[in-house]
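Just below is one structure, and these are the notes that go with it.
The values are calculated or read from the model by the stated rules, or taken from the named source; none is laboratory data. This one's a predicted model, so the numbers in the text were calculated from it and none came from an experiment. With ideal geometry, Cβ positions are generated from the backbone for all residues, glycine too; neighbour counts draw on all protein chains shown.
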Amino acid sequence: MLLKDPNQVPESRTIKYVDVIIPVPIPKRYRYAIPKELEPYVHIGFRVVVQFGERRLLTAIVAEVLENPPEHYQAKYILDVLDFEPTVNATQLQLWKWIADYYMCTVGEVMNIAIPSGLKLTSTSKVQLNPEFNYFEHEMELNPHEDKLLNHLRGVNAVPYDQVSEILGIKSVYQVIKSLIKRRAIILFEEVKEKYKPKKIKKIRLRDAYLESEQAMEELFASLSKKTKQEEILLKYLSELPVLSRPELNREGLEKTEITHGGFSTSSLNTLLKNQIFEEFEVVQSRLDEMEESVTVEAYDFTLNDIQAGALDDILEIFKERDVCLLHGITGSGKTEVYIELVKKVLANGSQVLLMVPEIVLTAQMVVRLRKVFGESVGIYHSKFSDNERVEVWKGVAEGKFPFVVGVRSSLFLPFDNLGLVIVDEEHESSYKQYDPAPRYHARDMAVVLAKLHHAKVLLGSATPSVESYYLAKTQKYGLVELKQRYGNAQLPAIHFADIRKERKRKTMKSEFSSLLLDGIKESLNLNEQVILFQNRRGYAPFLTCEECAWTPKCNQCSVSLTYHMYRNELRCHYCGYREPAPKHCIACGSSKVKTVGVGTEKIEEELKVLLPETRIQRMDLDTTKRKYSYQKIISDFENQQIDILIGTQMVSKGLDFDHVSLVGVFDVDRMIHFPDFRSHERTFQLITQVSGRAGRREKLGKVIIQTANPNQLILQHVFNHDYWSFFKREVWERKQYLYPPFTRIVKLSVKSESRELTDHAAEQLAVYLRGRIGQKRVLGPEFPVIDKIRNQYLKDLIVKLERGKVDLVKAKTLIAEQIERLRQQKGFRKVYIVVDVDPA
Ligand SMILES: Nc1ncnc2c1ncn2[C@@H]1O[C@H](COP(=O)(O)OP(=O)(O)OP(=O)(O)O)[C@@H](O)[C@H]1O
Ligand SMILES: [Zn+2]
């Protein structure tokens with residue numbers, strides 16, 4: 001692509017302009033002029049290439065086509081159009097805008113995460129010498145920079161624009177380039193590549209002529225009779241593909257690698273190709289097919305039982321009047337089956353359906369079930385997917401190939417144009433909230449917004465609904481349907497507490513295991529049943545400490561102690577990833593009495609191996625599931641009873657459905673309960689209920705043993721009674737007392753900088769500004785967060801609480817934004833960064 005100078009827009013003719021969204025955090029849209037020749041091809045939602053700033057080339061999305069130029073700057077031309085069809089539709093643009101406003105970020109930031117990077121361009125402008133330019137004729141007219149650049153270019157093909165500054169040793173090269181372009185001394189050109197590359201496979205097939213008659217085939221064999229290697233290949237082909245009896249198969253051909261990897265001679269194959277006996281061709285392979293091959297698919301037939309059918313009817317009835325319905329169904333009640341029947345109905349109406357799940361890998365069992373029912377029409381939008389795979393799903397949705405999508409939170413951004421239903425499974429999950437970078441959106445809440453834009457319905461499903469959603473249901477904003485029985489004859493498990501304080505006194509604990517739990521495990525194993533153990537902390541031990549001087553190794557970039565990982569005998573920071581070998585001696589006093597404190601999954605695993613040496617034990621946490629299919633492998637091994645005990649972090653709590661688990665053990669629950677966060681009780685209730693829900697999902701009654709120092713804590717009593725309603729009532733009462741959601745909305749402001757004093761100072765100042773404008777009582781802090789230093793950045797938090805129904809949210813946010821801006825305008829605070837998080841999870 002050859003470019004003209006993008007900076008010169010002639011005044012002589014009427015031109016059109018576009019406002020574009022670019023994937024950078026600038027508050028406003030940017031306006032460009034459309035070159036005459038591109039005018040017919042520029043439409044809303046199309047991708048265009050623009051130059052932003054002096055040298056950055058970006059993919060932008062056309063948001064609006066206009067007649068008038070920008071007021072405060074001279075418009076540059078857009079450089080190219082990348083689409084024939086819109087990449088983004090009008091509804092998507094509306095959603096982006098909504099998210100940017102609500103979460104106090106820019107539309108560009110939303111675009112940045114909404115579009116798979118495979119649909120953005122990598123582009124580098126390059127500079128090269130104009131072959132028609134006569135250097136010696138003009139040598140005298142050039143200034144030293146121009147001269148230097150031209151001399152450099154004479155030796156090379158072309159150089160990237162960004163390198164020019166290096167070559168000349170100056171910062172702004174714009175004038176130099178511009179002047180040289182004007183003199184026709186150089187050419188500025190673009191190398192724009194689309195990042196997305198479909199995966200192609202090479203195949204071979206017989207030339208049709210040989211299949212037209214038996215005689216042709218006989219002659220072919222005769223001609224190869226002395227060329228054994230070529231003959232072998234032909235025979236291999238015919239045995240793989242019976243084209244003699246079914247000639248239509250020949251069109252499909254055979255993958256070239258089947259021949260070349262099968263030990264057959266590559267050069268003989270090439271000869272066959274050269275002699276036009278075989279021909280070579282390419283097909284585009286869907287990467288999704290590839291993934292599918294790793295899952296075995298059998299049919300999944302079922303009919304809803306009466307309770308489930310009743311729930312489905314209720315949901316449909318509610319949808320006549322309300323847009324959102326909460327399905328509160330206990331673990332194992334068959335929510336998935338209800339979803340499936342509902343999805344069928346909506347698809348039959350010709351609308352699209354989006355089913356959101358917190359994490360695809362963690363819901364693999366459910367995805368397989370959905371595949372069995374919906375086959376090829378389900379698109380899967382995965383967090384472990386490569387960019388190319390994401391683009392395939394994106395295009396599949398736009399082209400109508402996937403009327404049904406199952407995906408993680410970012411599936412919200414797919415190009416739906418006719419959505420009828422959004423289901424949010426496990427709606428209470430905090431992984432629906434994006435932490436970093438902006439937009440810090442909550443996918444469940446945005447699902448409601450997305451559905452509204454499409455006039456679609458939303459079904460939120462959970463065994464342990466978030467307090468917010470249940471509150472909205474109880475106050476009639478949402479519909480509510482409850483499934484209170486497990487499918488079949490299954491009962492909820494019986495909960496037992498192991499009082500570790502008493503057991504410690506009686507000395508019946510074996511390291512981390514109470515006698516109650518250990519006996520329970522043995523009993524299950526004796527009956528050939530399986531056990532899940534839950535410890536929500538990975539690694540071996542949360543920290544090391546010296547028994548003599550109490551020294552503890554800490555991360556030097558973050559204010560946390562380093563976690564000890566025994567497997568590699570190293571210390572790791574779980575915040576920044578820093579690692580170092582574990583010390584043999586105390587660094588401070590030299591003593592060798594360095595011991596571990598606290599418990600992680602690795603330690604539980606190690607102790608259990610000593611206590612129950614014959615048992616097959618597997619650990620499932622972030623450290624054992626790094627590879628792409630390792631999670632699936634563990635799950636299927638457990639399913640096939642090749643593992644007796646599965647030990648894991650919250651990964652084992654989600655959505656798993658096994659036949660033979662009779663016992664679930666829970667460690668360290670007190671630490672969860674006392675974590676300093678207003679949601680800690682809610683989280684504890686949800687996690688324990690969910691992980692307990694993995695036990696006894698078939699005929700036999702399951703058992704849960706929770707180790708705690710105080711079984712009488714109210715929250716544990718609610719868990720004991722499987723009593724969501726009492727938990728909820730208590731929680732709502734507290735939230736009302738202390739003004740937490742759902743009675744307020746929270747905006748959290750994290751002040752960050754590289755110096756503790758600066759962070760402190762800026763946070764204090766911001767607090768003063770906010771209190772002055774928003775009200776004394778609405779602003780809490782500044783306070784140090786639990787971890788007040790991460791990656792060498794010092795942190796301090798401010799919390800703004802805005803009462804629901806009383807405060808104008810839009811106005812309040814504007815005020816907050818203004819105070820942040822006011823702070824930033826001050827010279828001393830230029831190096832302070834403020835992260836805004838609306839509705840922190
Ligand atoms: N109508 C049905 N016919 C046959 N099997 C069913 C039916 N409903 C549920 N099941 C089976 O019962 C088990 C529990 O159902 P499912 O996994 O859908 O529950 P869930 O509500 O999603 O539970 P959780 O919240 O614990 O994930 C599964 O094995 C499922 O196959
Ligand atoms: Zn760190």
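Check residue 280 against each of (1) crowded, with 16+ Cβ neighbours inside 10 Å; (2) not in a helix (DSSP H, G or I) and name the one condition it does not meet.
(1)
Is it true that some residue in segment 703-715 is surrounded by 21 or more Cβ atoms within 10 Å (Cβ to Cβ) and either assigned to a helix (DSSP H, G or I) or modelled with pLDDT under 90 (or both)?
no
Among the candidates 504, 538, which residue alone is in contact (Cβ under 8 Å) with a residue 40 or more places away in the chain and among the basic types (Lys, Arg)?
Step by step, each of 504, 538 is checked, and only 538 is in contact (Cβ under 8 Å) with a residue 40 or more places away in the chain and among the basic types (Lys, Arg).
So which residues in segment 642-696 are hydroxyl-bearing (Ser, Thr, Tyr) and in contact with a His (Cβ under 8 Å, 6 or more places away or on another chain), if there are any at all?
680, 689
Might you check whether a residue that is surrounded by fewer than 19 Cβ atoms within 10 Å (Cβ to Cβ) and away from ligand 1 (no atom under 16 Å from the Cβ) occurs anywhere in segment 530-541?
no
When you look at residue 558, is it outside the structural domain of residue 607 (by TED's automatic domain parsing) and either under 26 Å from the mean Cα position of the chain (by Cα) or within 16 Å of ligand 1 (Cβ to nearest atom) (or both), yes or no?
The answer is yes for residue 558.
Before we move on, is residue 494 surrounded by fewer than 19 Cβ atoms within 10 Å (Cβ to Cβ), closer than 30 Å to residue 638 by Cα and away from ligand 1 (no atom under 16 Å from the Cβ)?
Taking the combined requirement at face value, the residue satisfies it.
Given the condition of a type in the set (D, E, K, R), free of Cβ contacts under 8 Å to residues at least 40 places away in the same chain and out of contact with any helix residue (DSSP H, G or I) (no Cβ under 6 Å at 6 or more places or on another chain), answer yes or no: does some residue in segment 599-608 qualify?
Checked segment 599-608: no residue is of a type in the set (D, E, K, R), free of Cβ contacts under 8 Å to residues at least 40 places away in the same chain and out of contact with any helix residue (DSSP H, G or I) (no Cβ under 6 Å at 6 or more places or on another chain).
Filter segment 138-158 for residues that are within 15 Å of residue 128 (Cα to Cα) and charged (D, E, K, R); which is surrounded by the fewest Cβ atoms within 10 Å (Cβ to Cβ)?
Across segment 138-158, the extreme among qualifying residues is 154.
Please go through segment 304-332 and give me each residue that is in contact with a helix residue (DSSP H, G or I) (Cβ under 8 Å, 6 or more places away or on another chain), of a type outside the set (Asp, Glu) and assigned to a loop (DSSP other than H, G, I, E, B), ordered by number.
Across segment 304-332, the qualifying residues are 304, 331.
Considering segment 58-110 alone, what residues qualify as being in contact with a strand residue (DSSP E or B) (Cβ under 8 Å, 6 or more places away or on another chain) and basic (Lys, Arg)?
76
Of the residues that sit in segment 337-369 and are assigned to a helix (DSSP H, G or I) and either closer than 15 Å to residue 690 by Cα or outside the structural domain of residue 450 (by TED's automatic domain parsing) (or both), which one is nearest to ligand 2 (Cβ to nearest atom)?
362
Condition first: free of Cβ contacts under 8 Å to residues at least 40 places away in the same chain and assigned to a loop (DSSP other than H, G, I, E, B). Can you find one or more residues in segment 681-690 that meet it?
The answer is no; no qualifying residue exists.
Could you identify the single residue in 424, 391 that is in contact with a strand residue (DSSP E or B) (Cβ under 8 Å, 6 or more places away or on another chain) and surrounded by 20 or more Cβ atoms within 10 Å (Cβ to Cβ)?
The match here is 424.
Sort out which residues of segment 537-574 are among the hydrophobic types (A, V, I, L, M, F, W, C) and within 22 Å of residue 668 (Cα to Cα), and write them in order of number.
541, 543, 544, 560, 562, 566, 571, 573
So that you can scan it fast, the table gives a plain yes or no per residue for (1) of a type outside the set (Lys, Arg); (2) within 32 Å of the chain's Cα centre (by Cα):
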| residue | (1), (2) |
| --- | --- |
| 737 | yes, no |
| 756 | no, no |
| 771 | no, no |
| 791 | no, yes |
| 820 | yes, yes |
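Residue 273: hydrophobic (A, V, I, L, M, F, W, C), farther than 29 Å from residue 371 by Cβ, out of contact with any helix residue (DSSP H, G or I) (no Cβ under 9 Å at 6 or more places or on another chain) and modelled with pLDDT of 90 or more, yes or no?
yes
Is one or more of the residues making up segment 591-611 exposed (fewer than 15 other Cβ atoms within 10 Å of the Cβ), among the small types (Gly, Ala, Ser), away from ligand 1 (no atom under 16 Å from the Cβ) and in a helix (DSSP H, G or I)?
no
Which of (1) within 22 Å of residue 368 (Cα to Cα); (2) more than 18 Å from the chain's Cα centre (by Cα) is the odd one out, the single condition residue 479 does not satisfy?
Just one mismatch for residue 479, condition (1).
Are there any pairs, at least 6 apart or on different chains, whose C-beta atoms fall under 8 Å, with the first in segment 156-170 and more than 17 Å from residue 56 (Cα to Cα) and at pLDDT 85 or above and the second hydrophobic (A, V, I, L, M, F, W, C) and assigned to a helix (DSSP H, G or I), and if so, which?
167/149; 168/149; 168/176
For residue 161, work out the one condition from (1) among the aromatic types (Phe, Trp, Tyr); (2) in contact with a strand residue (DSSP E or B) (Cβ under 8 Å, 6 or more places away or on another chain); (3) surrounded by fewer than 17 Cβ atoms within 10 Å (Cβ to Cβ) it doesn't fulfil.
(3)
Look at residue 841 and say whether it is within 25 Å of residue 109 (Cβ to Cβ) and in a loop (DSSP other than H, G, I, E, B).
yes
Which residues, counting only those in segment 782-798, are within 16 Å of residue 761 (Cβ to Cβ) and away from ligand 2 (no atom under 12 Å from the Cβ)?
Answer for segment 782-798, where residues must be within 16 Å of residue 761 (Cβ to Cβ) and away from ligand 2 (no atom under 12 Å from the Cβ): 782, 783, 784, 788, 794, 795, 796, 797, 798.
Across segment 724-779, which residue is modelled with the highest pLDDT among those that are among the polar types (S, T, N, Q), part of a helix (DSSP H, G or I) and surrounded by fewer than 17 Cβ atoms within 10 Å (Cβ to Cβ)?
726
Could you please tell me which pairs satisfy a Cβ distance under 8 Å, a separation of 6+ or placement on different chains, a first residue in segment 621-634 that is free of Cβ contacts under 8 Å to residues at least 12 places away in the same chain, and a second residue that is assigned to a helix (DSSP H, G or I)?
624/630; 624/634
Can you tell me which of (1) surrounded by fewer than 17 Cβ atoms within 10 Å (Cβ to Cβ); (2) at pLDDT 90 or above; (3) in the same structural domain as residue 692 (by TED's automatic domain parsing) is the one residue 517 doesn't meet?
Status for residue 517: all satisfied but (1).
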